[in-house]
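Written out below as structure tokens is the structure these notes cover.
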Amino acid sequence: MNDSLKAVIFFMFNNQNSNDSLVFSLPIMGTGYNLSRNFKLTEAQSKCGCDLIIVHPSTIVLAQTLRDKLGRIKINSWYRSVEHNEKIGGVENSKHTLGMALDVVPLQASLEDVLNIANTLAIGGIGIYESFIHLDVYGENRRWSQI
């Protein structure tokens, strides 16, 4: 990673405010709308199927950075509506409900590879689970494992 990209990532991941999250309307933007060159808006959509999708710009950069470094990845959960978060037993005040978190499953690499790259970035939360890695850009240095 070159120095200018490191500087951009450091700035983005260390200057977080949920008020900077973007709100997209799926009916207006359409299912083909790209958040980045490899991620469509529908990949960030809450599993409840709601039409409004909240995405923090730093998560777009994070997802694309991981994709560039690891190859194909699947985002199991990006934005979650509060209702869906409650339904699945997500933690109260989850960063997913602010569009500030990703649950990542690498398709061409290992969970350890995701973890190694995440640890080089100045992101907030890194949670290790059996089948995915949770990453959030809230700006706090939090680490946990559910294995």
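The values are calculated or read from the model by the stated rules, or taken from the named source; none is laboratory data. What you are looking at is a predicted structure, and each value in this text was computed from that prediction instead of being measured. Glycine also receives a Cβ, built like all others from the backbone with ideal geometry; neighbour counts cover every protein chain displayed.
Listed by first and then second residue, the pairs linking a residue in segment 6-30 that is more than 18 Å from Ser81 (Cα to Cα) and of a type in the set (Phe, Trp, Tyr) to a residue that is modelled with pLDDT of 55 or more and part of a helix (DSSP H, G or I), with Cβ atoms under 7 Å apart and 6 or more places separating them unless they lie on different chains, are Phe13/Ser58.
Quick grid of which residues meet (1) surrounded by 18 or more Cβ atoms within 10 Å (Cβ to Cβ); (2) within 18 Å of Tyr138 (Cβ to Cβ):
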position: Leu62; (1), (2): yes, yes
position: Lys69; (1), (2): no, no
position: Lys74; (1), (2): no, no
position: Lys87; (1), (2): no, no
position: Gly90; (1), (2): no, yes
position: Leu98; (1), (2): yes, yes
position: Val104; (1), (2): yes, yes
position: Leu107; (1), (2): no, no
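So for segment 80-92 (the condition being of a type in the set (Ser, Thr, Tyr), more than 18 Å from Leu135 (Cα to Cα) and at pLDDT 95 or above), does at least one residue qualify? No.
Could you tell me whether any residue of segment 52-63 is at pLDDT below 95, hydroxyl-bearing (Ser, Thr, Tyr) and under 23 Å from Trp144 (Cα atoms)? Yes; the residues of segment 52-63 include at least one that is at pLDDT below 95, hydroxyl-bearing (Ser, Thr, Tyr) and under 23 Å from Trp144 (Cα atoms). If I filter segment 115-147 down to residues being of a type in the set (Asp, Glu) and either in contact with a Gly (Cβ under 7 Å, 6 or more places away or on another chain) or touching a residue at least 24 places away in the same chain (Cβ under 8 Å) (or both), which single residue comes out as surrounded by the fewest Cβ atoms within 10 Å (Cβ to Cβ)? That would be Glu140. Taken over segment 51-105, the criterion of being under 18 Å from Asn34 (Cα atoms) and out of contact with any strand residue (DSSP E or B) (no Cβ under 7 Å at 6 or more places or on another chain) is satisfied by His56, Ser58, Ile60, Val61, Gln64, Thr65, Asp68, Gly71, Arg72.
Restricting attention to segment 51-105, the residues that are assigned to a loop (DSSP other than H, G, I, E, B), touching a Leu at 6+ places or on another chain (Cβ under 6 Å) and more than 22 Å from Thr120 (Cα to Cα) total 1.
Here Asn76 meets the list (1) touching a Ser or Thr at 6+ places or on another chain (Cβ under 9 Å); (2) closer than 21 Å to Asp20 by Cβ almost entirely, failing just condition (2).
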